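Here, each number is a calculation from the coordinates, and none is a lab measurement. The structure presented is a predicted model; accordingly, all values stated were derived computationally and were not measured. FYI the Cβ positions are ideal-geometry reconstructions off the backbone, even for glycines, and counts take in every protein chain you see.
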Amino acid sequence: MKKTLTLTLVVSLVLCLLAVDAYSRRGGDPSDGVVIMISPRTLVLDSAGGAAVTVHTNLPLGSVDRSSIELSGIPALFTFADDRGNLVAKFDDAVVKSIVAPPEATLTLTGDRLNGPPFAASETINVR
């Protein structure tokens, strides 16, 4: 019984460490600590418009100049806080589609902090 419990704990710890490592490798410079996640993960160029491209961050909304937020040079339509108080920005999907091409695109979120240096974080998405 003790061996099974120990093995379960070790496996759980290894899986946890792998998950943290994978998450930290997502868009952003680990030394800066800024991480982004772009949705949708796959942008379909010939799909009907109207949806927004959403970027989630780990930056507290109150720490950034919301008017400075851009995704690869495209200004945010609007910004708001998620349930953790972190910055979420929405971008016009038609404009984003106009600057990407298949099979993938790396998009960079940039902006100014209210009390600190500007930030930049990138993530690669699929494009069809």
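Near the amide H of Val34, within less than 5 Å, lie the amide hydrogens of Asp29, all on another chain or at least 5 residues away, with H placed in the peptide plane. For the stretch 64-77, backbone phi angles converted through the Karplus equation (6.51, -1.76, 1.60; θ = phi - 60°) give residue-by-residue couplings of 10, 7, 4, 6, 9, 6, 9, 10, 6, x, 9, x, 5, 5 Hz, Gly and Pro being listed as x.
Rounded to the nearest whole Hz, the Karplus-based 3J(HN,Hα) values (6.51 cos²θ - 1.76 cosθ + 1.60, θ = phi - 60°) of the stretch 82-89 follow the sequence 7, 5, 9, x, 8, 4, 10, 10, with x at glycine and proline. In this simple spin-label approximation, Ser39 and Ser98 carry label points 7 Å from Cα along the Cα→Cβ vector, and these lie 2.6 nm apart.
In terms of the mean number of neighbouring beta-carbon atoms within 10 Å, the peptides 89-95, 77-83 order highest first as 89-95, 77-83.
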